[in-house]
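Undergrad: First the structure, which I've put down as structure tokens, then a few questions once you've had a look.
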Amino acid sequence: MSTTTAETSAAANKEDSMAPAPRRATKRGESTPAVRLASHGILITASLIALFPVAWLVFLSLGPDKDDYLHPGRIWGKMTFDNYTFVLQETKFFDWLQTTMIVTLGTTLIGVVISATTGYAVSRMRFPGYRKFMWVLLVTQMFPVAVLMVPMYQILSELQLIDSYLGLILVYCTTTVPYCAWLMKGYFDTIPFEIDEAGRVDGLTPFGTFARLILPLAKPGLAVAAFYSFLTAFGEVAFAATFMLSDTKYTFAVGLQTFVSEHDAQRNLMAATAVLIAIPVSAFFYFVQKNLVTGLTAGGTKG
């Protein structure tokens, strides 16, 4: 009888070993391999779509003839860097670079300082009309450029700031400061008010509290404001073309237009210049990119 029991037990163990292993239950929030594969495929496709215009611009910049964009397949056999050599040696590229850097960095510095102090004041202080003041800043953004062009030109002319770096910087600040002030106000709202009180207990003035305690905590918000100000001043065309009269004081955006005339367009030189122009922007983005995501999202956590 014991022999029969042992044989039965062995047969049961054999059947258990041959049975398929149970599937591992998918945990909540864990994606399946098919979902992960699909998501990776979508991300790769989106990345290729985003990179294609940049790669295409670089490819066209290597074509020696202005009409190569019409027959891009012919560029493969005659790629050259002559376009870059011409732009760097035969045009006022470095004058444009100097003007662009002065204007963009000046706009970024002045704009961030004004917007940060404005946003902090509205976030922490309750003075008469502080809510209406922020709405007035938004109203200034509702006027089209064509409407603002003439009065701004008259004001700059009376101040003798036409064809000057300072004049263009001030014009750009009127565009960047209202948005950045709202941005910084939302970010300062997320910083606990107890930090200000601790600074006052330690004997700091309101400005000392702002400079020594609040600003270090607001680096992500400052990075977003700086990036927005930089891009706005870097790529703007209408104001720069109107208020800067000397060809040596053109910004990059205006300098690109010199390659286009009424009857001709040197698109190969435009492509090469555009690639060179992208370098400063890419460098600035790399400098502030660590704080961009935090700064863009933090201001929305508290109204």
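The values are calculated or read from the model by the stated rules, or taken from the named source; none is laboratory data. Model, not experiment: these values are computed from the prediction. When we count neighbours, we look across all protein chains shown, and the Cβ atoms used for this are built from the backbone with ideal geometry, even at glycine. These area figures cover heavy atoms from the full protein model, side chains too; ligands, DNA and RNA do not enter into them. Shrake-Rupley method; radii C 1.70, N 1.55, O 1.52, S 1.80 Å.
Undergrad: Considering only residues that are part of a helix (DSSP H, G or I) and in contact with a Leu (Cβ under 8 Å, 6 or more places away or on another chain), look in the range 63-77 and name the one that is surrounded by the fewest Cβ atoms within 10 Å (Cβ to Cβ). Don't jump to the end; show me each part of the working.
TA: Taking the range 63-77 first, the residues part of a helix (DSSP H, G or I) are 68-70, 72-77.
Then keep just the ones that are in contact with a Leu (Cβ under 8 Å, 6 or more places away or on another chain); that gives 68-69, 72, 75.
Details: D68: 21, Y69: 17, P72: 12, I75: 19.
Only one residue fits best here, namely P72.
Undergrad: So T91 fits all but one of (1) among the polar types (S, T, N, Q); (2) under 22 Å from I277 (Cα atoms); (3) out of contact with any Gly (no Cβ under 8 Å at 6 or more places or on another chain); what number is the exception?
TA: (3)
Undergrad: Could you grab me the full set of residues in the range 180-191 that are open to solvent by 10 Å² or more (accessible area, probe 1.4 Å) and within 11 Å of V224 (Cα to Cα)?
TA: Those that are open to solvent by 10 Å² or more (accessible area, probe 1.4 Å) and within 11 Å of V224 (Cα to Cα): L183, Y187.
Undergrad: Let me ask something additional. Residue check: is A34 at pLDDT 80 or above, exposed (fewer than 10 other Cβ atoms within 10 Å of the Cβ), of a type in the set (A, V, I, L, M, F, W, C) and within 28 Å of T251 (Cα to Cα)?
TA: No, not satisfied.
Undergrad: Let me ask another. For the range 86-109, which residues satisfy the criterion of being part of a helix (DSSP H, G or I), open to solvent by less than 60 Å² (accessible area, probe 1.4 Å) and among the β-branched types (V, I, T)?
TA: If the condition is that a residue be part of a helix (DSSP H, G or I), open to solvent by less than 60 Å² (accessible area, probe 1.4 Å) and among the β-branched types (V, I, T), then V87, T99, T100, V103, T104, T107, T108 are the ones that fit.
Undergrad: Does A223 qualify as being out of contact with any Cys (no Cβ under 8 Å at 6 or more places or on another chain), surrounded by 15 or more Cβ atoms within 10 Å (Cβ to Cβ) and in a helix (DSSP H, G or I)? Show your work before the answer.
TA: Numbers: out of contact with any Cys (no Cβ under 8 Å at 6 or more places or on another chain): yes; surrounded by 15 or more Cβ atoms within 10 Å (Cβ to Cβ): yes; in a helix (DSSP H, G or I): yes.
So A223 fits the description; yes.
Undergrad: Still on this model: Do we find that L204 is over 25 Å from the mean Cα position of the chain (by Cα), assigned to a loop (DSSP other than H, G, I, E, B), over 30 Å from F143 (Cβ atoms) and hydrophobic (A, V, I, L, M, F, W, C) in this structure?
TA: Yes, satisfied.
Undergrad: How about the range 242-282: which of its residues are in a loop (DSSP other than H, G, I, E, B) and surrounded by fewer than 16 Cβ atoms within 10 Å (Cβ to Cβ)?
TA: Of all residues in the range 242-282, those in a loop (DSSP other than H, G, I, E, B) come to 244-246, 250-251, 261-264, 266.
Passing the criteria: L245, S246, S261, E262, H263, D264.
Undergrad: Then there's this: For a quick check of your reading of the model, give me the residue pairs whose first member lies in the range 187-208 and is touching a residue at least 40 places away in the same chain (Cβ under 8 Å) and under 17 Å from V122 (Cα atoms), whose second is of a type in the set (D, E, K, R) and open to solvent by 40 Å² or more (accessible area, probe 1.4 Å), with beta-carbon atoms closer than 6 Å and at least 6 apart or on different chains.
TA: D189/K302; T190/K302
Undergrad: Here is a list: F239, F230, F287. Which entry is of a type in the set (F, W, Y), modelled with pLDDT under 90 and part of a helix (DSSP H, G or I)? Please lay out each step first, then the result.
TA: On the way: F239 fails: modelled with pLDDT under 90; F230 fails: modelled with pLDDT under 90.
Answer to the check: F287.
Undergrad: Could you check the range 145-191 and list, in sequence order, the residues that are part of a loop (DSSP other than H, G, I, E, B) and among the β-branched types (V, I, T)? It would help to see each step written out before you state the result.
TA: Restricting attention to the range 145-191, the residues satisfying the condition of being part of a loop (DSSP other than H, G, I, E, B) are 159-164, 190-191.
Residues satisfying the conditions are I162, T190, I191.
Undergrad: Quick check on the range 192-205. Is at least one of its residues acidic (D, E) and surrounded by 14 or more Cβ atoms within 10 Å (Cβ to Cβ)? Even if it seems obvious, please write down each step before you answer.
TA: Taking the range 192-205 first, the residues acidic (D, E) are 194, 196-197, 202.
Okay, now just the ones that are also surrounded by 14 or more Cβ atoms within 10 Å (Cβ to Cβ), so 196.
Scanning the range 192-205, I find at least one residue that is acidic (D, E) and surrounded by 14 or more Cβ atoms within 10 Å (Cβ to Cβ), so the answer is yes.
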